[in-house]
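J.: I am attaching a structure below and will ask some questions about it afterwards.
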Amino acid sequence: MQVTETAAAGLKREFRVVVPATDLEAKVNARLDDLKGKVQLRGFRPGKVPVAHLKRLYGKSAMAEVIEDAVREANSKIVADNGYKLATEPKVVPDEGTVEGVIEGKADLAYKVEIEILPPIPLADFKTIKLERLTAEVTDPEIDEALQRIADANRPFVAKTEAAEKGDRITVSFQGTQDGKPFEGGSAEGVPIVLGSAQFIPGFEDNLTGIKAGESRTFDIKFPDAYAAPALAGKDATFAVTASAVEAPGTVTVNDDFAKTLGLESLAKLRDGIKDRLQREHASASRQKLKRALLDQLDERHKFEPPPSLLEQEFNTVWGTVEGDLKAQGRTFADEGTTEEKAREEYHAIAERRVRLGLVIAEIGEKNNIKVTDEQLTAAVMERARQMPGQEQQVWDYYRNNPGALAGLRAPIFEEKVVDFLVELADITDKPVSREELFKEDEA
């Protein structure tokens, strides 16, 4: 086997590989000789089939296997001998017009292999990272507010004969049409609507204010430009609505008896449960902000050119999502206050950051022997299965038979373990803030 480097530019490498036909022929003969003792052909005793006859029957398929093995062996040798870490799978380009000759054993196997490698990533001193961890205590007013929301969601409704007002619940059946024709998803029977809850598109509930049980109304309305169904976004429609019931909200006394209707033994236990849930929400928000700040610092401390192929793949994924979202909403880049060119620059920078951070996180994990255990991966699959009651076996089989899907579960677990590792090393100061500050959206 002859391997010659023919090009090196940036992270791209190119090699020419030549495997003599005699070497391939020897390996094919070895395979066929091994096959001789296993194959059974009519007219021949076991183990007595001539190799020449086997070659006529299986020579080409054996050669194809030998060629595949030879390419894999040569590419692995190139990577190992040069200490490369590959960014993508090698691209093999056979010499033009030689494939048939190689298969027939009349020509050397000669091909060009194009390789893109990962750049060296010198890691920063993570002990010098300084971070603020935002923390927020759960207050009694927050618990009271959450408790009231639970009470509102469980309040009784009582039938009324008067006209419906904001806060009343009406039960309606409706038929929507466009240009006199019904459209998909535009009709329903016995739908409960609490007026003022904004369950439906803007203007729908306003047109039902003042309706009485048994009354019908017809009105025109326009779907929002950003409506989820592209076929309806920004379009006019006519709705014919009939109210079968109007109900006024009753009152709920928040006490031990109310807590028992929710399966808890007392109001104190209900408040404890609410506090525990709010604390978990705070902890999750705090973790996400800390992680974002950590990733920002990793990005600042690790500047290098990412492999072009990985960057292109990531950008195409991001850009496809952007275009898909705009199309679904019936919007343009002008509606977003930008141009396609500027948007491409912005999302290209986002893709570059994501690729760099992904490589840095992978390097940190490798250098510090951070791994996702089989137990952790199994727990993640089981959690997914629990989210789909009645389909647990299908979910389990899906992940067991799809390595790519399993890798999709492993990646976020690995990332969180690397983040945990870095948080332990970093200098972190807790900063008490209000709930509003903790949950404030980061414009960046």
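The values are calculated or read from the model by the stated rules, or taken from the named source; none is laboratory data. In this text the structure is predicted, and so the values were computed from the model without any measurement. Note that we place each Cβ from the backbone using ideal geometry, even for glycine, and neighbour counts take in every protein chain shown. Please note that ligands, DNA and RNA were not included when accessible areas were found on the heavy atoms of the full protein model with its side chains. Shrake-Rupley method; radii C 1.70, N 1.55, O 1.52, S 1.80 Å.
J.: Could you sort out which of Lys367/Lys417; Lys166/Lys212; Lys289/Lys417; Lys91/Lys371 sit more than 18 Å apart by Cα distance in this structure?
T.: Distance filter (> 18 Å) returns Lys91/Lys371.
J.: Which of rounded, prolate, oblate describes the range 105-242, given a ≥ b ≥ c as roots of the alpha-carbon gyration tensor eigenvalues and a/c under 1.5 marking rounded, otherwise prolate only if a/b is larger than b/c?
T.: oblate
J.: Give the separation of the Cα centroids, the range 54-88 to the range 162-216, in Å.
T.: 67
J.: Label the range 322-432 by shape, choosing from rounded, prolate and oblate, from the square roots a ≥ b ≥ c of the eigenvalues of the Cα gyration tensor; if a/c is under 1.5 it is rounded, and otherwise prolate applies when a/b is larger than b/c, oblate when it is not.
T.: oblate
J.: Moving on to the next point. Rounding to the nearest 20 debye, state how big the charge dipole of the range 188-250 is about its Cα centre with +1 on each Lys and Arg Cβ and -1 on each Asp and Glu Cβ.
T.: With only Lys, Arg, Asp and Glu charged at Cβ, the dipole is about 40 debye.
J.: Then there is this: Per residue of the range 89-103, in order, report the coupling 6.51 cos²θ - 1.76 cosθ + 1.60 (Karplus, θ = phi - 60°) as ³J(HN,Hα) in whole Hz, putting x for Gly and Pro.
T.: Each residue of the range 89-103 in turn: 5, x, 9, 9, 10, x, 4, 4, x, 9, 4, 4, x, 5, 4 Hz.
J.: Could you give each residue of the range 317-323 its phi-based ³J(HN,Hα) in whole Hz, using Karplus coefficients 6.51, -1.76, 1.60 with θ = phi - 60°, and x for Gly or Pro?
T.: Whole-Hz 3J(HN,Hα) from phi for the range 317-323: 5, 5, 5, x, 5, 4, 5.
J.: Quick one: which residues, 5 or more positions from Lys431 or on another chain, have an amide H under 5 Å from its amide H? H modelled 1.01 Å from N in the peptide plane, none for Pro or chain starts.
T.: Distant-sequence amide H within range of Lys431: Arg133, Leu134, Thr135.
J.: Magnitude of the Cβ-charge dipole of the chain, K/R +1 and D/E -1, about the Cα centre, nearest 20 debye?
T.: For this selection, approximately 1940 debye.
J.: Let me ask another. At 0.36 nm per residue, minus the direct Cα-Cα distance, what do Asp225 and Leu425 gain on full extension? Give it in nm, one decimal, please.
T.: 67.2 nm
J.: Classify the range 221-292: rounded, prolate or oblate, from the alpha-carbon gyration tensor (a ≥ b ≥ c, eigenvalue square roots; a/c under 1.5 rounded; otherwise prolate if a/b is larger than b/c)?
T.: Since a/c reaches 1.5 but b/c is at least a/b, the shape of the range 221-292 is classed as oblate.
J.: So what is the orientation-averaged projected area of the range 168-253, using the convex hull of its C-alpha atoms, in nm²?
T.: Computed as one quarter of the Cα hull surface, the answer is 6.1 nm².
J.: If you don't mind, another one. Mind checking the full-extension length gain between Lys77 and Asp296? Use 0.36 nm per residue of separation minus the Cα-Cα distance, one decimal, nm.
T.: Roughly 75.1 nm would be gained on extension.
J.: Around Leu86, which amide H atoms from residues at least 5 apart in sequence, or from another chain, sit under 5 Å from its own amide H, with H modelled in the peptide plane?
T.: Here Leu118 satisfy the definition.
J.: Could you check how much of the accessible area of the chain is carbon and sulfur, as a whole percent, using a 1.4 Å probe?
T.: After summing per-atom areas, the C and S share lands at 50 percent.
J.: Now for a separate question. Mean residue ellipticity at 222 nm from the helices of the chain, using -39,500 (n - 2.57) per DSSP H segment of n ≥ 4 over the full residue count, to the nearest 500 deg cm²/dmol?
T.: Here the helix-only value at 222 nm equals -16000 deg cm²/dmol.
J.: Ok, one more. Using the charge dipole of the chain (Lys, Arg: +1 at Cβ; Asp, Glu: -1 at Cβ; taken about the Cα centre), state which of Ala74, Gln313, Thr332 has its Cα farthest towards the positive end.
T.: Going by the Cα projections, it comes out as Ala74.
J.: I would also like to ask the following. I want to check the label-to-label distance for Arg277 and Thr251. Put each point 7 Å from Cα in the C-beta direction and report it in nm to one decimal.
T.: Between Arg277 and Thr251, the label points sit 2.5 nm apart.
J.: Report the GluC sites (Glu not before Pro) located in the range 143-184 that are in a DSSP loop and have at most 15 other Cβ atoms inside 10 Å of their Cβ, or state none.
T.: Glu162, Glu165
J.: Over the chain, give the accessible area per residue in Å² for a 1.4 Å probe, as an integer.
T.: Each residue of the chain exposes 61 Å² on average to a 1.4 Å probe.
J.: Could you work out how far apart the two model spin labels at Thr317 and Lys260 are, taking each label as a point 7 Å from the Cα in the direction of the beta carbon, and quote it in nm?
T.: 5.4
J.: Given that just one value was derived from the coordinates, which of [x] 36; [y] 26; [z] 62 is percent of Cα pairs over 35 Å apart?
T.: Computed from these coordinates, percent of Cα pairs over 35 Å apart corresponds to label [z].
J.: Taking amide H positions as placed in the peptide plane 1.01 Å from N, state which residues far from Ala245 in sequence (5 or more) or on other chains have amide H under 5 Å from it.
T.: Under 5 Å from the amide H of Ala245 lie the amide H atoms of Thr171, Gly214, each far enough along the sequence or on another chain.
J.: Straight-line reach from Lys235: which aspartates and glutamates fall under 14 Å, measuring Cα to Cα and dropping same-chain residues less than 8 apart?
T.: Asp179, Glu184, Asp220, Asp225
J.: Only Cα pairs under 8 Å and at least 6 apart count here; give the relative contact order of the chain as a rounded whole percent.
T.: Relative contact order of the chain: 17 percent.
J.: Further, regarding this structure: With the calculation restricted to Cα positions, what are the radius of gyration and Dmax of the range 210-364 in angstrom?
T.: 25.7, 69
J.: Run the dipole for the range 103-172 about the Cα centre, Lys and Arg Cβ at +1, Asp and Glu Cβ at -1, nothing else charged, and hand back the magnitude in debye, nearest 20.
T.: 120
J.: With θ taken as phi - 60° and the coefficients 6.51, -1.76 and 1.60, list the Karplus ³J(HN,Hα) couplings across the range 337-347 in order, rounded to whole Hz; mark glycine and proline as x.
T.: x, 8, 10, 4, 4, 5, 5, 4, 4, 5, 6
J.: Using a simple spin-label model with points 7 Å from Cα along the Cα→Cβ vector, what separation in nm is obtained for Gln178 and Thr373?
T.: Going by the 7 Å Cα→Cβ label model, 5.5 nm.
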